[in-house]
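Engineer: Got a structure for you, written out below as structure tokens; questions coming shortly.
What follows draws every value from the coordinates through simple rules; no lab data is involved. Just so it is clear, the model here is predicted, and its values are computed rather than measured. FYI the Cβ positions are ideal-geometry reconstructions off the backbone, even for glycines, and counts take in every protein chain you see.
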Amino acid sequence: MGKILDQGQIRFYKENGYLVAEDIFDPRHLDETLEHFSLSFAQQLERLSLPVASGPTLDALHQNMAALLSANTALYLATLRMCSKLYGVYRLMAAERLRDATADLGISTPLFQTTPVLHLMSKRLVIPGGYQGFDAHQDWTSVQGSLDTITTWIPFMDIDARLFTMEVVPKSHVQGLLSGAQEQHVLRVDDRHFNDEDFIPVCVGKGGVCLMSNFTIHRSSREGDERIRISISGRYENASERTFIEREYPFTQHKSMQRGFITEDFPSVEQVRDTYSTENT
């Protein structure tokens with residue numbers, strides 16, 4: 001393993017509960033994954049015989065996402081869920097420099113109990129009756145594994161304070177687990193534990209990452225212009241953290257499988273044979 005973080009960065013993380021580390025990912029990998037996102041939405045628009053936007057990848061993706069959302073909300077959400085499972089997303093989470101950076105912060109035996117999560121913010125992509133972004137919360141309740149678990153927040157573009165970025169409360173991690181109300185996706189931290197002026201925006205360059213303690217208070221900023229913000233987040237847990245060992249490796253997230261057929265009478269013999277036909281090579 002290579003050394004990625006210096007002692008000043010490691011000290012900053014331990015004192016503040018978060019750290020922005022630049023030049024962790026190959027920008028080409030970010031661009032390729034965005035292209036695969038864009039292709040996924042274009043494929044569905046073509047299937048529906050709807051126009052497909054072209055041009056720069058991010059602009060085309062934004063337009064095609066908005067078009068599919070307008071045409072079919074359920075299909076839009078299904079496509080988003082599929083995108084979070086693409087190879088490029090996992091390649092970023094398992095990048096060697098990211099693994100080395102978390103090792104510098106003490107994650108000696110990394111494990112993933114949860115799959116990466118895709119996040120996006122855009123004024124054009126607000127789902128009627130849905131939500132966009134999260135209120136102030138801590139990430140601990142989502143995994144409850146090792147005490148030193150690190151949230152990795154990876155944007156696909158340069159992030160500034162006007163791009164619906166994430167906001168954090170420095171040094172809040174040392175307060176430990178805070179009281180709050182359980183909501184659908186997060187345990188919202190009670191307002192008495194922070195003031196609005198405590199939050200600072202996280203600005204990360206393309207190819208960088210925000211590393212954050214599972215106990216740091218953070219939220220999605222509501223400050224944004226007409227651009228789209230796309231990021232993924234994951235958890236680097238530590239299989240060698242003492243309390244995790246003593247608690248016999250508890251996990252909040254478990255695999256489930258739908259038995260039976262999702263699509264009745266599929267596939268046909270002809271469809272299977274066509275898939276493996278030598279005429280398609």
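Engineer: Restricting things to alpha carbons, tell me how big the stretch 29-86 is in terms of Rg and Dmax, in Å.
Structural biologist: In Å, with Rg to one decimal and Dmax whole: 10.4, 30.
Engineer: If the cut-off is a Cα-Cα distance under 21 Å, which lysines reach K171, setting aside same-chain residues fewer than 8 apart in sequence?
Structural biologist: K14
Engineer: Arranged by the count of other C-beta atoms within 10 angstrom, fewest first, what order do H218, H29 take? Could you put the intermediate results ahead of the total?
Structural biologist: Working: H218 25, H29 14.
Ordered by Cβ neighbours within 10 Å, fewest first: H29, H218.
Engineer: Could you list the GluC sites (Glu not before Pro) in the stretch 173-246 that lie in coil according to DSSP, counting only those with at most 11 other Cβ atoms within 10 Å of their Cβ? It would help to have the intermediate numbers written out before the result.
Structural biologist: Working: sites: E183, E197, E223, E226, E237, E241, E246; in loops: E183, E223, E226, E241.
Listed in order of number, the matching sites are E226.
Engineer: Here's another thing I want to ask about it. Within 10 Å of each candidate Cβ there may be at most 15 other Cβ atoms; applying that plus a DSSP loop requirement, which chymotrypsin sites (Phe, Trp or Tyr not before Pro) in the stretch 207-281 survive? It would help to have the intermediate numbers written out before the result.
Structural biologist: On the way: sites: F215, Y236, F244, F251, F261, Y276; in loops: F215, F251, F261, Y276.
Passing sites in the stretch 207-281 are F251, F261, Y276.
Engineer: Scan the stretch 1-88 for GluC sites (Glu not before Pro) in coil per DSSP, keeping those whose Cβ has at most 13 other Cβ atoms within 10 Å, and list them by number.
Structural biologist: On the way: sites: E15, E22, E32, E35, E46; in loops: E22.
Hits after loop and neighbour filter: E22.
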